Each structure stands twice: as C-alpha cells, then as structure tokens.
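I have placed the structure first, in the form of structure tokens, so that the comments after it can refer back to it.
All of the numbers you see were taken from the coordinates with simple rules; none came from a lab. These figures come from a predicted structure and were not determined experimentally. With ideal geometry, Cβ positions are generated from the backbone for all residues, glycine too; neighbour counts draw on all protein chains shown.
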Amino acid sequence: MTLRILVDADACPVKEEIYRVAERHQAAVSVVSNSPFRVPVGPRVERVVVSGGFDAADDWIAEQAALRQARNERTVVVTADILLADRCLKAGATVLAPNGRPFTTGSIGGAIATRAIMADLRAGADGLMGGPKPFTKTDRSRFLQALDETLVRLGRSG
C-alpha cells in the first residue's frame, strides 16, 4: 500500500520533520508550492511547483488527494488551511495541521465556523487584533508524534 504525504508547503514550518518521519516510514512526499525552494534529493521526495494562480497549490493538493483515494492509496495532507483541509477530508485523505492537530470530519465544521467568525472580527478590528499564536517547540513535537502515529496507523490498515 502506497503512503504519500502531500505538503501545503509555502508557509509550512515542519517540512524538515516531514522528511525525517517519511523516510523512517518509507512514505513518498510531494512538496507543493507556488515558488521553487530546496527539497531533499531522494527517490521519495517530489517538488511540485504550481502556477502563481490563486489557490493553485490547494487545487493541486485536493485533486491529488481525490485521485489517490480513487486508486485506494493512503494519503496524508499537511496544511494549516482549513478550507483545503475540508476539501481533502471530503476526498478521503487524512489531514494534519502543522501543530499536530488532526482535522476530522467531526471537527472541520467547527473549524470553518471559527475561521469565519475570526475573519469577521479581524475585519471590524481595524488592525488591532494580532495574528495566530507563534509556532512553538511543543507544536513541533506534537506534530512529529501525530505524523508518526498517523503513518503507523495507515501502514497497518493497508
């Protein structure tokens, strides 16, 4: 059974961790971005540079998740983008945020609603609200554990 990790890479803070865990599990990695950057050279790491169009990387990732599901392949998507996570869950992929939090069919509705509320609050705050919390060592550690557990689980079910 093929295991593939699709990475929404432009703002992903855990790319190096993904490469390490994927190597340990012999999973393939597709690093998807709007602009080229360095990825490890190896048979299981693929760099995918999409056009600069709005949501081009998201579209590619969601399409690949659906194609791989249709071929009965196991796919993990790593993204912080809630709307992309929703599309990938609907396509049958397993989805993790870079902080290790899983997106599930049970949690995605609430995440989308919270996203909409926060967008409304930011729009009315005239720049007075801060952005997301800083990424921490705990987030990185939680992600490593979550990705490892996810790949073990998917590898067993294959």
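Peptides 71-78, 41-48, 2-9, ordered by how many other C-beta atoms sit within 10 Å of their residues on average, highest first, read 2-9, 71-78, 41-48.
With contacts taken as Cα pairs under 8 Å and at least 6 residues apart, the chain reaches a relative contact order of 23 percent.
In the chain, taking the dipole from charged Cβ atoms about the Cα centre, the farthest positive-side position among THR94, ILE117, LEU3 is held by LEU3.
Helix check for the chain. Which DSSP H runs span at least 20 Å along their own axis by Cα, with a mean Kyte-Doolittle hydropathy no less than -1.0?
Numbers: long enough: 56-70 (21 Å, -0.25); 108-124 (24 Å, 0.81); 137-157 (30 Å, -0.73).
Span-like helices here: 56-70, 108-124, 137-157.
The shape of the chain can be summarised by an equivalent ellipsoid whose semi-axes, obtained from the alpha carbon gyration tensor, come to 26, 17, 17 Å from longest to shortest.
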